[in-house]
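Worksheet: the structure to be examined is printed underneath.
The values are calculated or read from the model by the stated rules, or taken from the named source; none is laboratory data. Small disclaimer: the values here were computed from a predicted structure and weren't measured. Every residue, glycine as well, gets a Cβ built from its backbone with ideal geometry; the counts of neighbours run over all protein chains shown.
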Amino acid sequence: MRLLVPKATADQARWQSIVEQAPGSLQFVDPWRLTPLPETPSQKHTWLNLDRYQAVLCVSAQAAQALVQAIDTYWPQAPAEVSWLCNGPQTASVLRSAGLTATHPERGYTAEDVLRLDVCQVKNDDNWLIVKGVGGRLIYADTLTQRGARVDSIDVYQRGLIPEALTKLVQLAPQHDAIWVSSEYFGQQLLASAPTFWHAWPGQWWLSSPRLVQWAQREGLQTIVPGQGATPEALYQLMMSVAQRNAVPKHR
C-alpha cells in the first residue's frame, strides 16, 4: 500500500517514526502555508486581559506559539486561574514549554474530542478565549456558546495551501494507492485544484473522522476508508487494518 500523506514538514519525522512498522510506504508532501498576522490593538487588549477568561483554547501549535509569545511580552507570569486547553500533545508541548499546564484529549484530538473534556462542560457566563487561524470550523465557539459560555476568539495566523504542493500531489497520485485526509479545508482545496482528476482517480480516500466521511460522500468520492482519528497512531492502526483486510489467505 502506497500512501500519500499531506503533512507539515515539522511533523513528518514524528509521523514516520510512529507508522514505520506498519506495512506499506508513505510519501509526505507539505501543502501548508501558515502566515503569522500582525497584532492589532484589539488583540493587544485581549492579551492584556487574559485573566478575565476561565479558559483559553489553542486549536493548533501555531496558535499556542502566538499565545506563549503574548504571555512572554505582556505578562510577568501567566495568569494563575486560567485553564489552558488544546487539541493534542504537539500543541500541549508548546504550552508546557512555557510552564503552562495544558489539558487535551487522551486520544482522537479532534474538536469533538476536545469538547468532550470535563472542563468544556462550562458554567453559564464563563468567559472563554479561542486562539486560532483565520476561518476554520466554528464548532468550538458554537458549542461552547450553546452551553452557556461567553466566547471570544483571536485570529493569529492565516492558513493557506501552496499551489505547487497541490500540483505535486496530482503528479504523485497515479503512483499511489491512497491519500490521507484529516482536514476538510484541505480536502476542499485539493478537489478544487483539479476536480476532474481527483474525481476520476481510482485510489482510496483515507479519512480521519466521520465528519470527513460525510464530506467525501457529498463530494461523490467513491472509495472511502474511514479512520479513527487524526493522529499518527490512528493512521498506523488504519494501515494495519487495511493490510489485514487485503491479505490473501495462503492455499494449503
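Within segment 188-218, can you find the residues that are closer than 21 Å to Glu233 by Cβ and not β-branched (Val, Ile, Thr)?
Answer for segment 188-218, where residues must be closer than 21 Å to Glu233 by Cβ and not β-branched (Val, Ile, Thr): Gln204, Trp205, Trp206, Leu207, Ser208, Ser209, Pro210, Arg211, Leu212.
Do we find a residue being among the hydroxyl-bearing types (Ser, Thr, Tyr) and surrounded by fewer than 15 Cβ atoms within 10 Å (Cβ to Cβ) anywhere in segment 21-33?
Yes, that holds for at least one residue.
Got a sec? Which of Val94, Val114, Val5, Val82 is among the β-branched types (Val, Ile, Thr), modelled with pLDDT of 95 or more and closer than 30 Å to Ser241 by Cα?
Val5
Looking at Val19 and the list (1) touching a helix residue (DSSP H, G or I) at 6+ places or on another chain (Cβ under 6 Å); (2) β-branched (Val, Ile, Thr); (3) within 18 Å of Lys132 (Cβ to Cβ), which single condition is not satisfied?
So the condition that Val19 fails would be (3).
If I go through segment 138-171 residue by residue, how many of them are closer than 30 Å to His199 by Cβ and in contact with a helix residue (DSSP H, G or I) (Cβ under 6 Å, 6 or more places away or on another chain)?
Total meeting the criteria: 4.
Select the strands (runs of 3 or more DSSP E) contained entirely in segment 9-59, then report the ones holding at least 3 residues which are without any contact (Cβ under 8 Å) to a residue 24 or more places away in the chain.
Once the strands (runs of 3 or more DSSP E) in segment 9-59 are filtered for at least 3 residues that are without any contact (Cβ under 8 Å) to a residue 24 or more places away in the chain, nothing remains.
Could you tell me whether Trp201 is touching a residue at least 12 places away in the same chain (Cβ under 8 Å) and under 24 Å from Lys132 (Cβ atoms)?
No.
Considering segment 204-226 alone, what residues qualify as being buried (at least 17 other Cβ atoms within 10 Å of the Cβ) and touching a residue at least 40 places away in the same chain (Cβ under 8 Å)?
Listed by number, the residues that qualify are Trp206, Ser208, Ser209.
Is there a residue in segment 133-145 that is of a type in the set (Asp, Glu) and at pLDDT 95 or above?
Yes, that holds for at least one residue.
For segment 72-79, indicate whether the set of residues that are in a helix (DSSP H, G or I) and not polar (S, T, N, Q) is non-empty.
For segment 72-79, residues in a helix (DSSP H, G or I) and not polar (S, T, N, Q): present.
State the number of residues belonging to segment 180-211 that are modelled with pLDDT of 95 or more, closer than 21 Å to Gly136 by Cβ and in contact with a Pro (Cβ under 9 Å, 6 or more places away or on another chain).
7
Which members of segment 61-88 meet the condition of being surrounded by 21 or more Cβ atoms within 10 Å (Cβ to Cβ) and closer than 19 Å to Val119 by Cβ?
Ala63, Ala64, Leu67, Trp84, Leu85, Cys86, Asn87, Gly88
When the residues of segment 90-111 are narrowed to those that are part of a helix (DSSP H, G or I) and among the hydroxyl-bearing types (Ser, Thr, Tyr), which ends up surrounded by the most Cβ atoms within 10 Å (Cβ to Cβ)?
Filtering first and then ranking leaves Thr91.
Name the pairs whose Cβ atoms lie under 6 Å apart, with the first residue in segment 98-117 and under 16 Å from Ile139 (Cα atoms), the second in a loop (DSSP other than H, G, I, E, B) and of a type in the set (Val, Ile, Thr), and 6 or more positions between them or separate chains?
Every condition considered, the pairs that remain are Tyr109/Thr231.
Restrict the check to segment 232-250 and report whether at least one residue is outside any helix (DSSP H, G or I), touching a residue at least 24 places away in the same chain (Cβ under 8 Å) and surrounded by 15 or more Cβ atoms within 10 Å (Cβ to Cβ).
No, every residue in segment 232-250 fails to be outside any helix (DSSP H, G or I), touching a residue at least 24 places away in the same chain (Cβ under 8 Å) and surrounded by 15 or more Cβ atoms within 10 Å (Cβ to Cβ).
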